[in-house]
Structures are given as C-alpha cells and as structure tokens.
C-alpha cells in the first residue's frame, strides 16, 4: 500500500460534460493508505480460495428480482462489452453491452474466456457486494469518492489528467483507454484492447497505478448528481442515499477512474474529477476496485 498524506484539494471538474462534478469545492482529508494498484485476479483468487466466496455473477438470479422473466433465462452471468462491426448510434449502449451467461470474474468475457495470462490484470465482473467482501476479508475498506480523487490527482492542482496537462506527454500513452472509432474500432495504439497489467503504465506522483483508465473502481459513496452542492468540507462520506435521475429505482454507488473503454467520442470520465456510477448489483467487464486503510488499522511488526 502507498501512504497518502493528509491534505486539502479542489474537488470536482469544470469539464462541460461533467455536470455532476460541480461545483468545484475545497475538501480536506486525513491521511490514509491506498493499494498501489487495483486488486488483481491473482489477489482475488486467493480471497476466494480462503473463504469459498461466490460472487453475485456466479449465483442464479432470484426470480423475485426479475418478475416476468422466464425461468430458463435466469442463469448466472454478467455484462460484457462486445464491439459491434460497424458504427452504431452512441445513444444506445445496448449496441455494445450484452448479458453473457457464464460471465464472471473467472470468465470475464463469458464461456470460453479465462484468466490465463491475466493473473496480474485487475479483477473484473465484481459488483459492489463482491468488492466489499474482499475489502472486509483483507481488513481494509473501499475508498470514499473524495479519497479516490485526491489520491488520483497526486498533489497536482486543477490538471485535466492525473499525470498533468497533456493527454500524451512527449507522445507517450499514460493510461489504458480507447483509440479509434468508438465502439466499433479499437486500434489498440496503447497496446491493449481490453484490460492491461496493473503496472503497464506509469504511476502518478503518489506512486499509484491505474488511477485513470484500465478499469472503473468502486467507491463507498452512494451516487447522486447533486452531491457537491452540500458536501461536507472535511472527510466527506457521500450522501445518505442514492439517486440517479436516469434510473431512479436502481441504487447506485460511485465508480471512479474510467476504463479501457474511455474515449473523447463517448465518455472521457477517466479525466481527473470525472464521476461514474453503477447499480450495486451489477458487475461488468470493465470495472474492478482497490482498497484503502485508515492509519489506526495499520499493524506493525
């Protein structure tokens, strides 16, 4: 883990598309420890082997949660990104997201996929409950949204990216994002079409890897688009309940950092200050997590 010193920063973004990241406001945080990387497949495997934990994507869906759905369709699985073969309307995400039976953390793209060669990639297909279970087993916790943004910025002030002012300083890729026409053509100019090893790109100034790109990461805060209007100045923990006007009946938690699918053509929320959200019972092929630890929990010796 990496020590993140106590400090103050300007939280939020003036990016015109990030309407839920305003107003920019001052936040003060106590120091904390943070995992240097997202939790990897190898690390999650050790957790599952030690506890016998079964992720939500591996469980048969409860018919009570899906009224009217035929029982034969209620099979374990999760959401997988599937690139269409031609340009599609960007207003319809069903053009590139599919529910894949058999998709879970062991089989990120569904039946036929596995983790061979991806042991050091971030674990994906984990919903909020799955991430929380790991954190508790590791005697850690999930970061607050404020902790994630503060740590991601690495002490830089008001920069658009967690590494500085330019997307590709001296022509170098700094994160695993999308290159090409989204969602049909990924040129993989950065070397990857999906997830990458957790240390494939340079760390930020705090020594943290993948604070932008690669996979979205769960935070402990409930999501609301108006959170910043009345957010506490010191160690904010997020609102008391969730509300997403696009899906008011779906409880959602904040996700941060963006993923390998981020692109200026559709979603550039891997940028510093960008906010994401997801239903708490939903895992996807582009979302994982990392943990933090308050100083009082550190064990020495």
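With the condition kept exactly as written, say whether any residue in the range 248-261 is in a loop (DSSP other than H, G, I, E, B), farther than 23 Å from residue 173 by Cβ and free of Cβ contacts under 8 Å to residues at least 12 places away in the same chain. Yes, that holds for at least one residue. For the range 38-67, give me each residue that is more than 14 Å from residue 124 (Cβ to Cβ), touching a residue at least 60 places away in the same chain (Cβ under 8 Å) and surrounded by 13 or more Cβ atoms within 10 Å (Cβ to Cβ). Result: 47, 53.
Which of the residues spanning the range 239-283 are farther than 24 Å from residue 123 by Cα and touching a helix residue (DSSP H, G or I) at 6+ places or on another chain (Cβ under 6 Å)? Once the filter is applied, which keeps residues that are farther than 24 Å from residue 123 by Cα and touching a helix residue (DSSP H, G or I) at 6+ places or on another chain (Cβ under 6 Å), the range 239-283 yields only 239. Restricting attention to the range 157-186, the residues that are within 21 Å of the chain's Cα centre (by Cα) and free of Cβ contacts under 8 Å to residues at least 60 places away in the same chain add up to 5.
Every residue, every condition in (1) outside any loop (DSSP other than H, G, I, E, B); (2) more than 22 Å from residue 94 (Cα to Cα), yes or no:
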{"site": "173", "(1), (2)": "no, yes"}
{"site": "183", "(1), (2)": "no, no"}
{"site": "198", "(1), (2)": "no, yes"}
{"site": "201", "(1), (2)": "no, yes"}
{"site": "206", "(1), (2)": "no, yes"}
{"site": "220", "(1), (2)": "yes, yes"}
{"site": "277", "(1), (2)": "yes, no"}
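Residue count for the range 81-118 under the criterion of being under 21 Å from the mean Cα position of the chain (by Cα), loosely packed, with under 13 Cβ neighbours inside 10 Å and more than 19 Å from residue 282 (Cα to Cα): the result is 1.
Consider the range 194-219 and keep the residues that are surrounded by fewer than 17 Cβ atoms within 10 Å (Cβ to Cβ) and farther than 16 Å from residue 270 by Cα. The one that is nearest to the chain's Cα centre (by Cα) is 199. Looking only at residues in the range 279-301 that are farther than 18 Å from residue 220 by Cβ, part of a loop (DSSP other than H, G, I, E, B) and at pLDDT 95 or above, the one that is farthest from the chain's Cα centre (by Cα) is 285. Selection of the range 26-37 for residues being touching a helix residue (DSSP H, G or I) at 6+ places or on another chain (Cβ under 7 Å) and either at positive phi or surrounded by fewer than 16 Cβ atoms within 10 Å (Cβ to Cβ) (or both) yields only 31.
Return the residue satisfying two criteria in turn: it lies in the range 132-168 and is assigned to a helix (DSSP H, G or I) and out of contact with any strand residue (DSSP E or B) (no Cβ under 9 Å at 6 or more places or on another chain), and of such residues it is surrounded by the most Cβ atoms within 10 Å (Cβ to Cβ). If we take residues in the range 132-168 being assigned to a helix (DSSP H, G or I) and out of contact with any strand residue (DSSP E or B) (no Cβ under 9 Å at 6 or more places or on another chain), then 134 is surrounded by the most Cβ atoms within 10 Å (Cβ to Cβ). Sub-7 Å Cβ pairs linking a first residue in the range 187-198 that is at positive phi and free of Cβ contacts under 8 Å to residues at least 40 places away in the same chain to a second residue that is in a loop (DSSP other than H, G, I, E, B) and surrounded by fewer than 21 Cβ atoms within 10 Å (Cβ to Cβ), at least 6 apart or interchain, are 188/179, ordered by first then second residue.
Contact map, the range 88-112: residues that are at negative phi and modelled with pLDDT of 95 or more paired with residues that are surrounded by 18 or more Cβ atoms within 10 Å (Cβ to Cβ) and assigned to a helix (DSSP H, G or I), Cβ distance under 6 Å, separation 6+ or inter-chain. Pairs shown: 104/57; 104/58.
The values are calculated or read from the model by the stated rules, or taken from the named source; none is laboratory data. Everything numeric in this text was worked out from a predicted model, so none of it was measured. Every residue, glycine among them, receives a Cβ derived from its backbone with ideal geometry; neighbour counts consider all protein chains shown.
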